[in-house]
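Below is one structure; the comments refer to it alone.
The values are calculated or read from the model by the stated rules, or taken from the named source; none is laboratory data. Please read all numbers here as calculations on a predicted model, not as lab measurements. Cβ placement follows ideal geometry from the backbone for every residue including glycine, while neighbour counts extend to all protein chains displayed. Heavy atoms of the whole protein, side chains included, go into the accessibility calculation; ligands, DNA and RNA do not. Shrake-Rupley method; radii C 1.70, N 1.55, O 1.52, S 1.80 Å.
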Amino acid sequence: MTQTTSDAHILVSMTYISRANPDMSHETLSEILKQAQENNALNAITGMLIFNNQYFLQTIEGSRSQINHLLRCLLKDERHYDLQLLETRELKSREWSRWSMDLASPAMDNTALYLKYSTTTDFNPYLLSAESIRRLIAEFK
Ligand SMILES: Cc1cc2nc3c(=O)[nH]c(=O)nc-3n(C[C@H](O)[C@H](O)[C@H](O)COP(=O)(O)O)c2cc1C
């Protein structure tokens with residue numbers, strides 16, 4: 001993408017949730033992850049993606065223009081829908097600097113973790129407050 005370099009020092013983080021399309025396959029998930037890791041490495045975007053068959057929860061961090069560009073792409077991407085923004089904020093330093101995109105797949109072994117932040121044992125980020133989601137994400141670091 002074309003980016004004005006002038007905002008490259010303004011580091012922001014954005015967290016959103018979305019619903020995976022019902023026909024989401026392992027192959028599609030692998031494609032998304034590969035695309036994310038390759039693009040993000042080029043665009044100096046870092047972050048993490050949680051997926052659990054139905055829901056995505058993603059934090060991306062990078063320059064403000066890059067993050068806004070990616071948001072526009074994500075809104076058009078038909079592999080998921082009902083994207084809800086949870087949080088955008090400026091960062092002093094990255095929290096996921098070691099990952100171009102780290103995939104965490106919440107599974108059964110994380111049941112206790114979901115219970116810790118919600119009233120249910122399954123992972124439904126649409127039922128969690130932004131604060132609970134922030135704490136949950138921190139557990140995956
Ligand atoms: C849940 C989800 C997460 C994604 N995460 C990223 C990402 O971190 N970085 C990225 O470049 N594309 C990501 N994508 C893909 C973008 O929506 C879009 O398809 C892609 O950026 C377009 O890249 P291209 O210009 O190389 O075709 C994601 C898509 C989905 C459905």
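Of note:
- Of the residues making up segment 66-93, those that are of a type outside the set (A, V, I, L, M) and buried (at least 19 other Cβ atoms within 10 Å of the Cβ) number 2.
- The one condition in (1) open to solvent by 50 Å² or more (accessible area, probe 1.4 Å); (2) more than 16 Å from R64 (Cα to Cα) that M101 fails to fulfil: (1)
- Of all residues in segment 14-63 being of a type in the set (V, I, T) and crowded, with 17+ Cβ neighbours inside 10 Å, the one that is farthest from the ligand (Cβ to nearest atom): T15
- A44 vs. criteria closer than 19 Å to E139 by Cβ and without any contact (Cβ under 8 Å) to a residue 60 or more places away in the chain: no
- Criterion (out of contact with any helix residue (DSSP H, G or I) (no Cβ under 8 Å at 6 or more places or on another chain), modelled with pLDDT under 95, within 23 Å of R135 (Cβ to Cβ) and not hydrophobic (A, V, I, L, M, F, W, C)) met by exactly one of S6, S93: S93
- Residue match in segment 53-71 (condition: assigned to a loop (DSSP other than H, G, I, E, B), closer than 24 Å to H26 by Cα and in contact with a Ser or Thr (Cβ under 7 Å, 6 or more places away or on another chain)): no
- Within segment 125-141, tally of residues that are crowded, with 16+ Cβ neighbours inside 10 Å and not in a loop (DSSP other than H, G, I, E, B): 4
- Segment 124-141 residues that are free of Cβ contacts under 8 Å to residues at least 12 places away in the same chain, paired with ones that are among the small types (G, A, S) (beta carbon under 6 Å, 6 or more apart): L128/S118
- The set of residues in segment 69-83 being among the aliphatic types (A, V, I, L, M) and either on the phi > 0 side of the Ramachandran plot or more than 7 Å from the ligand (Cβ to nearest atom) (or both) consists of L71, L75, L83.
- Check on D122, more than 21 Å from A138 (Cα to Cα), assigned to a loop (DSSP other than H, G, I, E, B) and away from the ligand (no atom under 11 Å from the Cβ): no
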